[in-house]
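Q: Here it is: the structure, laid out below.
The values are calculated or read from the model by the stated rules, or taken from the named source; none is laboratory data. As the structure is a computational prediction, the values presented were derived from the model and not from experiment. Note: ideal-geometry Cβ built from the backbone for every residue, glycine included; neighbour counts use all protein chains shown.
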Amino acid sequence: MTLGFLGSGAITEAIVTGLSTPGGPCHPIRLSPRNAAVAAGLAARFENVSVCPTNQAVVDVCDTIVLAVRPQVTPKVLSELHFAPTHTVISLVAGFSAVRIAGLVAPASAISRAIPLPSVAQRRSPIAVYPPKSAAAGLFAPLGQVFGIETEAHLNALSTATSTMAAYFGFMGHIASWVAGKGIPEPQARQYIALLFSGLASTGLEESGQSPADLAVAHSTPGGLNEQLLRHLTEHGVFDTLNDALEAVHRRASGMQPLPATSAKSE
């Protein structure tokens, strides 16, 4: 398989890194020139990676194409390209159904969707793929745990869940800054909070038989500090606000809401 990427942003960089570092499958990989710095950097790091002069050149020399461009520019980028019936297309474009992508890359008809996360670079990402037994499942199997999803509606729900990544770091950073404000050196505060949440994530995986509500109770001594903070956040509508935000993102992830305008900056 010769693998081509349309779009050379952060997620392409992470995928190529995971596939190309020692121990990976090291497919021949061809990159589009959309983000020249990232593409050139990857080509310099990995012998199996090279940069094509145009997007069409990527399509011409590759049998499997990964779409990793922004949703806002996807129709324009794909309208300028010519695909063949033999192409396999894996779309990472949020909010674009497989049917919509198929219409943009016809006559290619082998279409799948995937949601890889930046941790594919370390080969420890959860990766949702649709359909379950597709080219996307095979491609991402070495890069973490693949979750085969039966319906696009479920895939869109998981896509919505991934929108919490930046908020997670915002939450962690806010706590660390608050701690630093009490006089603790900020690097020490950040490391402490990062290890705190890392431990909680490990507990969530190890205790997968317990619900998050059960784990919350297990981590809340009656009348203790954890119980106080959780009650305060609940009573002040923090989780209601989170639910509202998820619903708003879900409308975009499901293609039910127009995409916001974007800058002309390439991925």
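Q: I'm trying to understand the selection: among the residues of segment 136-151, which are assigned to a strand (DSSP E or B) and of a type in the set (F, W, Y)?
A: Within segment 136-151, just F147 meets the criteria.
Q: Same structure again: Inside segment 143-155, can you point out the residues that are in contact with a helix residue (DSSP H, G or I) (Cβ under 8 Å, 6 or more places away or on another chain) and either at pLDDT below 95 or under 10 Å from A128 (Cβ atoms) (or both)?
A: Selection gives V146, F147, G148, I149.
Q: I'd like to check something: does segment 1-9 contain any residue that is surrounded by fewer than 15 Cβ atoms within 10 Å (Cβ to Cβ) and of a type in the set (A, V, I, L, M, F, W, C)?
A: Checking segment 1-9: at least one residue is surrounded by fewer than 15 Cβ atoms within 10 Å (Cβ to Cβ) and of a type in the set (A, V, I, L, M, F, W, C).
Q: Continuing with the same structure: For segment 89-112, which positions are in contact (Cβ under 8 Å) with a residue 24 or more places away in the chain and not hydrophobic (A, V, I, L, M, F, W, C)?
A: S91, G95, S97, R100, P107, S109, S112
Q: Also, I was wondering about something else. So A37 ticks every box in (1) assigned to a helix (DSSP H, G or I); (2) out of contact with any Cys (no Cβ under 7 Å at 6 or more places or on another chain); (3) buried (at least 17 other Cβ atoms within 10 Å of the Cβ) but one. Which box is left unticked?
A: (3)
Q: Counting only residues that are touching a Gly at 6+ places or on another chain (Cβ under 6 Å) and among the basic types (K, R), which one in segment 94-136 is surrounded by the most Cβ atoms within 10 Å (Cβ to Cβ)?
A: Here the answer is R123.
Q: Just to be sure I understand, how many residues within segment 89-124 are assigned to a strand (DSSP E or B), among the basic types (K, R) and farther than 24 Å from S20 by Cα?
A: 0
Q: For segment 92-145, name all the residues that are over 17 Å from the mean Cα position of the chain (by Cα) and of a type in the set (K, R).
A: R100, K133
Q: Just the residues that are buried (at least 23 other Cβ atoms within 10 Å of the Cβ) and in contact with a Phe, Trp or Tyr (Cβ under 8 Å, 6 or more places away or on another chain), please, taken from segment 10-20.
A: Matches in segment 10-20: T12, I15, V16.
Q: When the residues of segment 179-211 are narrowed to those that are over 25 Å from the mean Cα position of the chain (by Cα), of a type outside the set (S, T, N, Q) and surrounded by 12 or more Cβ atoms within 10 Å (Cβ to Cβ), which ends up nearest to L242 (Cα to Cα)?
A: Filtering first and then ranking leaves V179.
Q: Could you give every pair whose Cβ atoms fall below 7 Å, whose first residue belongs to segment 212-227 and is more than 17 Å from G199 (Cα to Cα), and whose second residue is surrounded by 13 or more Cβ atoms within 10 Å (Cβ to Cβ) and small (G, A, S), counting only separations of at least 6 or pairs across chains?
A: These pairs meet every condition: E227/S220.
Q: Go over the candidates L117, L155, L104 one by one and state the one that is within 25 Å of L81 (Cβ to Cβ) and either hydroxyl-bearing (S, T, Y) or out of contact with any Leu (no Cβ under 9 Å at 6 or more places or on another chain) (or both).
A: L155
Q: Given the conditions (1) of a type in the set (V, I, T); (2) farther than 30 Å from S254 by Cα; (3) touching a residue at least 24 places away in the same chain (Cβ under 8 Å), and given that V38 satisfies all but one, which numbered condition is not satisfied?
A: (2)
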